[in-house]
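Taking it in order: structure first as structure tokens, then the write-up.
No value in this document is a laboratory result; all are computed from the given coordinates. Just so it is clear, the structure is predicted and the values come from calculations on it, not from any experiment. Cβ sites come from the backbone with ideal geometry, for glycine too, and all protein chains shown count toward neighbours.
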Amino acid sequence: MLGWAALAAFALAACDGAAGEGKDCPAAERAKSVSGFCVPRYVSLKRGSVYARRGPGKDYPALWVYHVKGLPVQVVAETTDWRRVCDPDGAAAWVHRSMVDGRRTVMAIGGGTTALYHQPKVGGAPSALLKSRTLAVLGPCRAGWCRISVDGASGWTPGDRLWGLAQTPQCR
């Protein structure tokens with residue numbers, strides 16, 4: 001049986017950490033952050049209505065409201081309760097930690113459509129085509145390709161066709 005401390009640590013990881021984050025993030029880097037996860041890192045918005053604020057607190061004015069559940073955002077700074085995030089448009093704002101989820105999502109980018117292939121290589125007919133700005137759940141990535149799934153379709157696509165993978169801060 002898990003103790004309360006272990007349950008609390010598990011809950012924090014479920015709410016705020018991306019699956020597999022520890023693989024790419026040295027323990028020394030994780031130790032520098034409030035949450036114990038690397039900064040920058042990617043998370044997704046947990047709800048369909050998330051206030052983006054000027055600073056880390058409810059006393060700061062709301063700049064806008066995100067209306068896209070599952071939107072991938074990049075955490076670039078954090079306090080105990082707040083995360084400064086960059087969105088796919090390059091804007092930055094603070095959101096409460098309860099509004100983000102460790103589930104990794106990505107967004108199709110670029111003009112036109114993004115093809116999904118059965119194997120991580122170009123060739124053959126695509127298994128599906130995604131419109132630009134379509135959200136997808138991120139699976140494993142290897143050799144510049146990522147497996148994603150959306151609405152029952154899944155396949156491999158080049159990572160450069162996805163927003164939500166860059167290691168450097170993505171804010172303007």
In sequence order, calculated HN-Hα J values of segment 64-71 (Karplus, 6.51, -1.76, 1.60; Hz; x Gly/Pro): 6, 10, 7, 10, 10, 4, x, 4
Size of electric dipole in the chain: Cβ of Lys, Arg +1 and of Asp, Glu -1, about Cα centre, debye, nearest 20: 140 debye
Gain on full stretching of the segment that runs from A31 to C171 - 0.36 nm per residue minus C-alpha separation: 48.0 nm
In sequence order, calculated HN-Hα J values of segment 45-54 (Karplus, 6.51, -1.76, 1.60; Hz; x Gly/Pro): 6, 7, 10, x, 8, 10, 6, 9, 10, 5
Local net charge near G159, Cβ-Cβ under 11 Å (Lys/Arg +1, Asp/Glu -1): +2
Under 5 Å, built H, 5+ apart or other chain: amide partners of S127: L116, Y117, H118
Lysine pair number, Cα distance threshold 26 Å (strictly under), the chain, separation 8 or more or different chains: 11
Share of Cα-Cα pairs in segment 17-119 lying beyond 24 Å, as whole percent: 26 percent
Percent RCO, i.e. relative contact order, over the chain, from Cα pairs under 8 Å lying at least 6 residues apart: 20 percent
Spin-label pair T113/H67, simplified geometry with 7 Å Cα→Cβ offset, distance in nm: 2.7 nm
Cα principal axis extents for segment 106-163, largest first, Å: 22, 22, 21
Extension gain, K58 back to R133 (0.36 nm per residue minus Cα-Cα distance, nm): 24.0 nm
Of P120, P88, P26, the one that fluctuates the most in a GNM where the chain has Cα springs shorter than 10 Å: P26
Shape call, segment 74-172: gyration tensor on alpha carbons, a/c limit 1.5: prolate
Under-5 Å amide H pairs with W145, H placed in peptide plane, nonlocal only: G159
Chymotrypsin sites (Phe, Trp or Tyr not before Pro) restricted to segment 123-172 and DSSP loop, no more than 11 other C-beta within 10 Å: none
Amide H within-cut-off set for L162, under 5 Å, with H built and near neighbours excluded: I109
Per-residue ³J(HN,Hα) for segment 121-134, Karplus 6.51 cos²θ - 1.76 cosθ + 1.60, θ = phi - 60°, Hz, x for Gly and Pro: 6, 6, x, x, 6, x, 7, 6, 10, 10, 6, 4, 6, 6
